[in-house]
1. Relative to the Cα centre, what is the charge dipole magnitude of the chain, using +1 at the beta carbon of each Lys and Arg, -1 at the beta carbon of each Asp and Glu, and rounding to the nearest 20 debye?
2. Ignoring any ligand, DNA or RNA, what whole percent of the accessible area of the stretch 156-299 comes from carbon and sulfur when the probe is 1.4 angstrom?
3. Using only the alpha carbons of the stretch 156-299, what is the convex hull's orientation-averaged projected area in square nanometres?
4. Once you list every other residue whose beta carbon is under 10 Å from the beta carbon of GLN151, what net charge do they have if Lys and Arg are +1 and Asp and Glu are -1?
5. All other residues with a Cβ under 12 Å from the Cβ of PHE300 taken together, and with Lys, Arg as +1 and Asp, Glu as -1, what is their net charge?
6. Take peptides 109-115, 158-164, 200-206 and line them up by average Cβ neighbours within 10 Å, highest first, as a rough protection proxy.
7. Can you give the local net charge around ILE163? Use residues other than it whose beta-carbon is closer than 15 angstrom to its beta-carbon, Lys and Arg +1, Asp and Glu -1.
8. Does the stretch 86-173 come out rounded, prolate or oblate by the C-alpha gyration tensor, with a ≥ b ≥ c the root eigenvalues, rounded set by a/c under 1.5 and, if not, prolate when a/b is larger than b/c and oblate if not?
Amino acid sequence: MSFIYAVLFTMDENLGGYKMALITKHDLVTVANLTQQQVLHKIKLAQLFSEGKTIRLNRPTYAMNLFFENSTRTHTSFEMAERKLGIQVLQFDAAASSVTKGETLADTVKTIQAIGVDFAVIRHSDNEYYKQLLQANLDISIVNAGDGSGQHPSQSLLDMMTIYQEFGTFKGLNISIIGDLNHSRVARSNMELLTKLGANVAFSGPDQWYDDKFSDYGSHLSVDEAAKNSDVVMLLRVQKERLGKAADDFDATTYHQQYGLTKERYDMMKDNAIIMHPAPVNRGVEIDSELVESAKSRIFKQMENGMYMRMAILTDILVNKGIVSPAEIKGIN
């Protein structure tokens, strides 16, 4: 049976600390079930990969990346992570696949499972597309690379890694998520994890893109307040492809002046504050072009961390599938 993947930590009184208990769960589709200990474990494992750690596969291992929406960073980052781990990647072109002939996503995944693929990294426009796959009790592992406006767990985890590298903690940090909130899977995943990790979350942006459900996770501030008070200013891309007819009335210059990170707002930020953005970046819209690579920006650092975090995500899954020995990650807690 296929479950949401987890690595649990339990208190061992004899050792006076935590020990890791591996559970046979081999998918990662949402951040909802991740605990603080699991997040920190993945951050530390990803950091080790950034320092040159390697692993050994017990047998040839195969992956396929099924992207039904356009992607540069996530797609190439996963493929690079797979190749660095020694995994063989089978190519997939959604436009040339049998999905165009009416095949269901579930049947596509069952097909690649039948030919011996160990895990599928999937991005799909449907929210919670993965539920049908988990209910199918597949042996192939499912890694969610983004579902509609629902979840983006790997992006959220690489964001946590970037924040942890900067501050060494999440507790008490003031983190503002600014922009196209209602259409953002990054916003949803990050507000869940950040709240769970002890950060103070706030939201800002156009009122029409704010849902009252966000109030369960944080307050609603003006952009100026967010810039002044935040340790992390997390910007979101305006997703015009999801705006429908409203996209015709969108004016980039007006949006930038009202809700973007301008040079004036940059100067309001705390000296040790950082800027984040999941990318792709619309320069001159959500952020002034000159600020993308400014001293406070960690946008390209996020991209670098993405590859290492995805190596960590895949390694944990491979350990739980018996393809990598638990000894490879022993002592990481």
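1. 1040 debye
2. That fraction is 42 percent.
3. Answer in nm², one decimal: 7.7.
4. -1
5. Taking every Cβ under 12 Å from that of PHE300, the sum is +1.
6. Peptide ranking by packing, descending: 158-164, 200-206, 109-115.
7. +3
8. Because a/c hits 1.5 or more and a/b exceeds b/c, the stretch 86-173 counts as prolate.
The values are calculated or read from the model by the stated rules, or taken from the named source; none is laboratory data. The model shown is predicted, which means the values in this text are computed figures rather than measured ones. Neighbour counts are summed over all protein chains in view; Cβ atoms, including those assigned to glycine, are modelled from backbone coordinates with ideal geometry. To get the accessible areas, we keep the full protein, side chains included, count just its heavy atoms, and leave off ligands, DNA and RNA. Shrake-Rupley method; radii C 1.70, N 1.55, O 1.52, S 1.80 Å.
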